[in-house]
Amino acid sequence: MSAFSLEPQQVAWCAELRTLAAERLRPPAEKGEPGRVNRALVAELGRLGLLERLFTSGAVDLCLMRESLAYACTEAETALALQGLGAHPVHAHGTPAQRAHWLPRVSEGTAIAAFALSEPGAGSDAGALALRADAETARPDGAARWRLTGEKCWISNAPEADFCTVFARTTPGAGARGVTAFLVPADRPGLTGAALDMLSPHPIGTLDFDAVPVTADDVLGEVDGGFRVAMGTLNLFRPSVGAFAVGMAQAALDATLAHTAGRDAFGGKLKDLQTVAHQVAEMALRTEAARLMVYAAATAYDEGAPDVPKRAAMAKLLATETAQYVVDTAVQLHGARALRRGHLLEHLYREVRAPRIYEGASEVQRGIIAKELYASMEEAP
């Protein structure tokens, strides 16, 4: 497919997803408790076959799902995305046993996954992780064993997840090259956590590791190869964070078009004021530009292009900053009604802020883009 247009069947699928989100996913979403994992909603995503597509589709399909669900039900979009983020390392790097045990349950919506990378002192700087994986004395069977000690913070689906992809330092002083990814079931002794009360209504919390035991059977990928696992996951999900943002921006834009076309103001309609019409045009322009960059980055990922890190960072940066602008402008054009609890834009205003921070803040994305640009210059003949 072209990076700049969707096939008719993809357009039709997006419309179907919006309908499913409104009719099948919004009811359980509305019954959920803000800041808690909504297992009924996740189960419905499983019944609809959407969670299974996390492991059978490419980046473009992931973006189509996230944009379409975000447009009609942000809670459903977030539940889908968090399942994918926590379970993708198992799908991409897990052993046959790990995959056979966990992926069917994630696909069915009966197991909740978490991606445990950030720490109190290491958010966007993943190479500065401090969670220790202390090697135990060699056992007679020769199998490697570690004890995880430390804290993770700002972890989606924590502490309610059934298993976590956990990144811990196995080689002190080695920076990004000394981190290992582990699959840690929630029932391991020494693993506890607490929920955090956040501005956006996502399930986010802390995880505390008090000598939590892990073995070679729990490693995802290779020992000291966890940074590759983390960055590979983020390169896939960063463009789709952009798709989430585009879905929210489009919802805000459509609401603004309807409001300004029907609202009486100064002897005409609000849309008749040039300053309003130009603001709406700017909202549409930025939303479409962000959408094109998101799908260009997703296409590059699916095609195995060498510049995926740069494109993924650009897509997330542009789309999340754009969505913040579009939703804020929509609130301004709606006036006080948009600030009332329960209004679509009040909801989007709380939802839209977090994506500029998680999975790499906007400042980090700019750093990645600059680094990739200078690296490509040095590699040029």
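For this structure, a couple of remarks:
- With each label modelled as a point 7 angstrom along the Cα→C-beta vector, the Leu339-Arg47 pair spans 4.0 nm.
- Helix 96-108 vs. the chain, principal-axis angle (Cα, 0 to 90°, nearest 10): 30 degrees
- Angle between the chain longest axis and helix 274-302 axis [Cα atoms, degrees, rounded to 10]: 30 degrees
- Among 250-260, 30-40, 14-24, 152-162, the order from most to least packed when residues are scored by Cβ within 10 Å on average: 152-162, 250-260, 14-24, 30-40
- Shown is the FRET efficiency for Arg228 and His278, computed with R0 = 35 Å from the Cβ-Cβ distance and rounded to the nearest 0.05: 0.15.
- If the chain linking Phe266 and Thr56 were pulled fully straight, counting 0.36 nm for each residue of separation and taking away their Cα-Cα distance, it would gain 70.2 nm.
- Percent of C-alpha pairs per 10 Å bin in the stretch 8-108, short distances first: 16, 49, 28, 7.
- Angle in degrees between helix 226-262 and the longest Cα principal axis of the chain, rounded to the nearest 10: 20 degrees
- With 0.36 nm allotted per residue and the present C-alpha distance subtracted, the Leu257-Arg177 stretch has 23.8 nm of extension available.
- When every Cα-Cα distance of the stretch 113-223 is counted in 10 angstrom steps from zero, the calculated P(r) takes the values 16, 49, 28, 6, 1, 0 percent.
- As a size descriptor, the averaged projected area of the C-alpha convex hull of the chain was calculated at 20.8 nm².
- Taking the chain and dividing mean pair separation by its residue count, relative contact order in percent (alpha carbons under 8 Å, at least six apart): 16 percent
- Estimated FRET transfer efficiency when R0 is 35 angstrom, pair Glu136-Glu303 (beta carbons, to 0.05): 0.20
- Across the stretch 41-51, coupling constants 3J(HN,Hα) worked out from phi with the 6.51/-1.76/1.60 Karplus curve, θ = phi - 60°, read 5, 4, 4, 5, 4, x, 4, 7, x, 6, 5 Hz, and Gly and Pro carry x.
- Relative counts (whole %) of C-alpha pair distances in the stretch 228-379, using bins that are 5 Å wide: 2, 10, 18, 18, 16, 12, 9, 7, 5, 2, 1, 0, 0
- Only Lys, Arg (+1) and Asp, Glu (-1) charged, at Cβ; the chain dipole about Cα centre in debye: 560 debye
Every number in this text was worked out from the coordinates using simple rules, so none of it is lab data. Small disclaimer: the values here were computed from a predicted structure and weren't measured. With ideal geometry, Cβ positions are generated from the backbone for all residues, glycine too; neighbour counts draw on all protein chains shown.
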